[in-house]
Amino acid sequence: MVLNPVISKLSGKLVVLASASPRRLEILRNAGLRFEVVPSWFKETLDKRLFKAPHEYAVETAKQKALEVARRMPVKHLKTPDIVIGADTIVAVDGMILEKPVNKHDAYRMLSSLSGKEHSVYTGVAIIVCHEKENEEVDYQLMDFYEETKVKFADLSEDMLWEYINSGEPMDKAGGYGIQSLGGMLVEYVHGDFLNVVGFPLNHFCKQLDLIYNQPPSSSSEEEEGESVYLSHNGTHAPSAVQSDHNSSSEHKLSSEPRAISVSDSLNSPSTSPTHKMKKTISGSEDSWTLVNSLSKHDDREAELHDSNNTTCKQQLFVPNVTERAPKKEDLEQITKLMDGFKASKALFTASKLSVFDLLHDKPGLDAAQVAHEIKASLKGTECLLEACVSLGLLGSKERLICDELISPLTASQKPAYENTELATHYLRSGARLSLHGYIQHCNDTVWPLFSHLDSAVQEGATQHERAFSRKAKDNSQDARCNSREVKLRFMNAMHSIATVAGETVATAFDLSGFKTACDLGGCTGAMAYEFTKAHPGLSVTVFDLPTVVEMSEHFQPRHADNRVSFASGDFFKDKLPKADLYILARILHDWPDEKVHILLSKIADACTSGCGLLLSEIFLDEDRAGPSRGLLQALSMSEGKQRSASEYSLLLKSHGFITTHTRHTDNLLDAMLCIKA
C-alpha cells in the first residue's frame, strides 16, 4: 500500500498537518504528500487517569489537535482545508505513559525506566475531511485510528544514559529517545511499524486514505445503519424527528471493515442557535468514527470541543460539548503578555541603563526614595520602575519599618525595601560572570530603534538602520571618531555577553580531543575562545577578527589570560585564514547574504585538509520554521542574512565539502553543529 493511488485525488486540495513535528513532516513529504503545516493550539493536558488504555489517550489527543485546527482555519485563516491530519505519539511502559521529557532529569527517569525492557509506542492519528457548503457552512467528517509498535531496549549503563541525554536528542522526543538517530543504538529489536516509532504510521495512514477516497459509496440501506445526533449550541439534544427515530434502538449491524460515510446535508435547527450534526461510522473495528459538524465559516464564536466520555469503545458515540466560548484565562494571559512584551523589555532596559541592579547588589534593601536619590531620578518614576521589576521577577521586595528618630514612634510606617532576585544577580549585574548587561544595552540602543520601524521593515523587506539612526555626524570630526569607538565597544560588549553565557555550552557540546589547533573566525573579544581552551586542555585557539576589534579586545581579556588564546587581525572575506585543525563560526553566518556566506565557506574549505573540523554555532530554527521565536524575531531586523534550520545549515556546509557528524540543540542561547571536511 502506497500513497500513489490517492495522490491524484488529493491534487489541488488543501491538506493540513496539525503538527509541528519535523519527523512527521519528513515522513509525509517523503511519501509524496503535499501539505501545509498549521500547528494545533490544543493544550495537551488531558487527564491520563481517565483513559483505560494508553492508545485511547493518544487517539483523543490527536483528535482534539485536528479538530482545533479544522475549526480555527475557516475563521482565523479565512480558508477551509480539505483534510486536516492530527497525530500524537506516546511511549507506554508498565502501564505508565511517557511523553516528551521536560528536562534532563526527566529524560533520565524515562530512559532508565525503559532500560532492559520491552515497551509499546502508540501513535494516535485523526483524519478530518472538511466539506464547504453553499450556505458558507462547513461539515466535518472524522476518522481516527492508532498503531502500536513493540520496542525492546538493551540494558543501559549510567554512562551510556547520560552520554545520550547530554547529546540533547531526548528533549523533543516521546519517551526521551529518537530511534531514527542516536537513540537507535539503545534498541535491541522492533516489532511492528518502524515509522510509527519515528512519529507517524505511514502504512496505516495510507490504508485509511484509501478507505476515504477509493472505496465505493455506501448504499442508502447502509446509510440508515448510521446513528445521527443533533446538538443545540449548549451541547444538549435538540428535538428532531430523526433523533426520536434513533433513540429507541441501541443495536447496530457491524461490517467487517471500517468504511467512510459521505457527508449528508445539514438540517435546519428548530432553535435559534446553530446545530451540529454527527454520524457514527458502522464498523467492526474500534478505530473508525465519523463526525459531521455544520458550522458557519463567518461565525467567529469558536466552539470548544471536548469528549467527556473518552470515546474509544466500539459502540460509544463521540459527542462534543459545543458551547459558546467564553474568554479563557490562559488565552488572555498569552495575548496580554505579547501585547505588553515591549513594555517589559523597556522596563528591563531602563533599569539596566540606570544601573539599578548594580546598585541593589552593592546596597540591598534600599527603599524607593533611596534608589531614586542614587540613580538621580524622580521618586514617582522610580517607584513605578521598581514595582514593575518586581512583577517581572527581576527584583524582590519586603516591607521594612521606617521610623524617624525625631518623630514619635507612632508615626513609623512600612515601606518596601528592594533587592535583586537570583535572576538579576546572575545575569543583570554588569559585574556578574554571566552578565547580559552588555547585550541588554545593545538591545536598548540599537535593536529597539530598529524595531520601532518594523512596519516599514516588513513592507520594504529591508533594514531600517538609516531611518532609525538618521543623525549623521561628519566623518572627520573628533565627535564622530569618539562616537564610532564607543559604538564599537558597545557592540563588542554585547557580543561578549552572548559568548560568555553560551560559550561553555558550545565548547562542551562535542568531544574535540582530536583537534589541537582552532581558529575562531570573527571571535571578537575571545570570550568563546577562552571557554574552548578551558574545556579542552590540549587545544589552542587563534581569534581572527578585524584590526579595530583586535585592538580593542584587550578591554575584555580576563585577569589571568590563557596563553593558549592568541589574536590575529584580518578580514576573513579577503585575507588568508590562519591554519587550524578546527574552524569555529559562532553567530557569523546568519548575518551575511548568501553570496558572502559562500565566499567565507569556500575560503575555509580551501584552508582545510581532509579530517579538519568546522564547528558552527547559531540559533537553529525548527524544521517547519515554527520556532524558536527568538530566532524568528531576530530575523525581523531584516539584516542581509537569514536564519536557518539545522538541516539547512547542514546542506549549506555539505555543498562545500563538510559532512555533519553531530548536531546539538541546547537549552542555551546558541545551538551547535560539528562537521568534518570530507
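The values are calculated or read from the model by the stated rules, or taken from the named source; none is laboratory data. Computed from a predicted model, the values in this text were never measured in an experiment. As a convention, Cβ positions derive from the backbone with ideal geometry for all residues, glycine included, and neighbour counts pool all protein chains shown. Note: areas computed on protein heavy atoms with side chains; ligands, DNA, RNA excluded. Shrake-Rupley method; radii C 1.70, N 1.55, O 1.52, S 1.80 Å.
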Residues with amide H under 5 Å from that of HIS536, placed H, sequence gap 5 or more: none
Probe 1.4 Å, protein heavy atoms only - accessible area per residue of the stretch 502-549 in square angstrom: 32 Å²
Portion, in percent, of the accessible area of the stretch 639-678 that falls on carbon or sulfur, probe 1.4 Å: 54 percent
Nitroxide proxy distance, nm - points 7 Å out along Cα→Cβ at LYS104 and LEU454: 3.4 nm
Förster radius 51 Å - calculated FRET efficiency between MET185 and LYS52, Cβ distance, rounded to 0.05: 0.90
Sequence-distant residues sharing a close amide H with HIS662 (under 5 Å, placed H): LEU674
LYS133 paired with ASN214, simple spin-label distance in nm, labels 7 Å along Cα-to-beta-carbon: 3.1 nm
Long-range HN-HN contacts of LEU392 with modeled amide H, under 5 Å: none
Protein-only accessible surface order, largest first, of VAL447, VAL506 at 1.4 Å: VAL447, VAL506
Radius, Kirkwood style, for the stretch 1-143 when every pair of distinct Cα atoms is counted (Å): 16.7 Å
Extension gain (nm, one decimal) between ASP571 and ARG485, 0.36 nm per residue minus Cα-Cα: 29.1 nm
Value of Rg to Rh for the stretch 139-190 (Rh from inverse mean 1/r over Cα pairs, i.e. Kirkwood): 1.18
The stretch 172-186-the stretch 539-570 distance, computed between alpha-carbon centres (Å): 40 Å
Ordering of 153-163, 645-655 by packing [mean C-beta count within 10 Å, highest first]: 645-655, 153-163
Accessible area per residue, Å², the stretch 118-158 with all protein chains present, probe 1.4 Å: 35 Å²
Environment charge of TYR583, counting only residues whose C-beta is closer than 11 Å and scoring Lys/Arg +1, Asp/Glu -1: +1
Hydrodynamic radius of the stretch 65-163 per Kirkwood, over alpha carbon pairs, in Å: 16.3 Å
Volume per residue of the C-alpha convex hull in the stretch 110-156, rounded to whole Å³: 74 Å³
Phi to ³J(HN,Hα) by Karplus 6.51 cos²θ - 1.76 cosθ + 1.60 over the stretch 508-524, Hz, x for Gly, Pro: 9, 5, 9, 7, 10, 5, x, 10, 9, 10, 9, 10, 8, 6, x, x, 6
